[in-house]
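Peer 1: Just passing along the structure, written as structure tokens.
The values are calculated or read from the model by the stated rules, or taken from the named source; none is laboratory data. Remember, predicted model here, so these are calculated numbers, not experimental data. FYI the Cβ positions are ideal-geometry reconstructions off the backbone, even for glycines, and counts take in every protein chain you see. What goes into the accessible areas is simple: the full protein's heavy atoms, side chains included, and nothing from ligands, DNA or RNA. Shrake-Rupley method; radii C 1.70, N 1.55, O 1.52, S 1.80 Å.
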Amino acid sequence: MKTLLLIRSSILLGDGQSNRLADRYAAAWQNAHPEGRVIVRDLAENPLPHLDLARVGAYSTPAERRTPEQQVLVAQSDELITELQGADVVALGLPLYNFGVPSTLKAYFDHVARAGVTFRYTASGPEGLVKGKQVIVFAARGGLYQGLPHDTQTPFVRNFLGFLGMTDVRFVHAEGLAMGDEPRAKGLQAAEAQIDALLEPVEA
């Protein structure tokens, strides 16, 4: 059974355009895969705690030596990683906040980046262990950033996902959303057209 992991990170919840775009894709994916399942991880509704010394210590302690308190901390990370590892497709709703990703998404990244679990270091360099997945990132921006030097968000997200082994990454950008009615409509229409094309059957 195919599984889609839908990660929503907009603080605007249902009103966030990145969430709406990701939701649109998830609905289309479910329609194309009626036997599949969609798992929703909403980081605004259920934010994760930020990385701290206790969690770093728990992650780095061998399993047989962890205290009961450390086991609880690791269990939360393990749940997120199991969820991610079990997905065939990941749909990520990504708003742009102050030139970066939402802090809740950064916290999520910190929970799933575990040495020896989702990546490892080898003699030839780091190797990502989360492989064989397609990731589609739905990036919503108020201004125009795509391809410009001040778009620090896109390379960061691509680099992080690639570090964990997810190299099949596609971005769908909706930009100009705060620049007036016409640019907003144009940006959303372009993104929605890309979404509709993502699951169109390929003719032989």
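Peer 1: I'm trying to understand the selection: among the residues of the stretch 86-121, which are within 30 Å of GLU192 (Cβ to Cβ) and among the charged types (D, E, K, R)?
Peer 2: Residues satisfying the conditions are ASP88, LYS106.
Peer 1: Which of the residues that make up the stretch 149-179 are surrounded by 20 or more Cβ atoms within 10 Å (Cβ to Cβ), in a loop (DSSP other than H, G, I, E, B) and of a type in the set (Gly, Ala, Ser)?
Peer 2: Scanning the stretch 149-179 gives a single hit, GLY176.
Peer 1: Tell me whether the stretch 69-85 contains one or more residues that are assigned to a strand (DSSP E or B), open to solvent by 50 Å² or more (accessible area, probe 1.4 Å), of a type outside the set (Phe, Trp, Tyr) and within 25 Å of LEU198 (Cα to Cα).
Peer 2: no
Peer 1: THR104 - would you say it is among the polar types (S, T, N, Q), more than 21 Å from LEU13 (Cα to Cα) and modelled with pLDDT of 95 or more?
Peer 2: Answer is no for this residue.
Peer 1: Which of the residues belonging to the stretch 3-37 are within 18 Å of HIS173 (Cβ to Cβ), open to solvent by less than 10 Å² (accessible area, probe 1.4 Å) and polar (S, T, N, Q)?
Peer 2: Selection gives SER9, SER10, SER18, ASN19.
Peer 1: Is it true that VAL40 is free of Cβ contacts under 8 Å to residues at least 40 places away in the same chain, touching a strand residue (DSSP E or B) at 6+ places or on another chain (Cβ under 7 Å) and surrounded by fewer than 20 Cβ atoms within 10 Å (Cβ to Cβ)?
Peer 2: Yes, satisfied.
Peer 1: Please verify whether ALA91 is open to solvent by less than 20 Å² (accessible area, probe 1.4 Å), in a loop (DSSP other than H, G, I, E, B) and either on the phi > 0 side of the Ramachandran plot or not acidic (Asp, Glu) (or both), treating the condition exactly as stated.
Peer 2: When the stated conditions are applied, ALA91 does not pass them.
Peer 1: Could you check, for the stretch 127-141, whether at least one of its residues is assigned to a loop (DSSP other than H, G, I, E, B), crowded, with 17+ Cβ neighbours inside 10 Å, in contact with a helix residue (DSSP H, G or I) (Cβ under 9 Å, 6 or more places away or on another chain) and not β-branched (Val, Ile, Thr)?
Peer 2: yes
Peer 1: So, in the stretch 52-66, of the ones that are open to solvent by 40 Å² or more (accessible area, probe 1.4 Å) and of a type in the set (A, V, I, L, M), which residue ends up nearest to ASP78 (Cα to Cα)?
Peer 2: Checking each candidate, the answer is ALA63.
Peer 1: With THR118, THR122 as the choices, which residue is over 23 Å from ARG55 (Cα atoms) and either free of Cβ contacts under 8 Å to residues at least 60 places away in the same chain or open to solvent by 60 Å² or more (accessible area, probe 1.4 Å) (or both)?
Peer 2: Going through THR118, THR122 in turn, the sole match is THR122.
Peer 1: Out of all the residues in the stretch 195-202, is one or more surrounded by 16 or more Cβ atoms within 10 Å (Cβ to Cβ) and free of Cβ contacts under 8 Å to residues at least 12 places away in the same chain?
Peer 2: no
Peer 1: Note down all Cβ pairs under 7 Å where the first residue falls in the stretch 44-73 and is hydrophobic (A, V, I, L, M, F, W, C), the second is assigned to a loop (DSSP other than H, G, I, E, B) and open to solvent by 100 Å² or more (accessible area, probe 1.4 Å), and they're at least six residues apart or on different chains.
Peer 2: ALA44/ILE11
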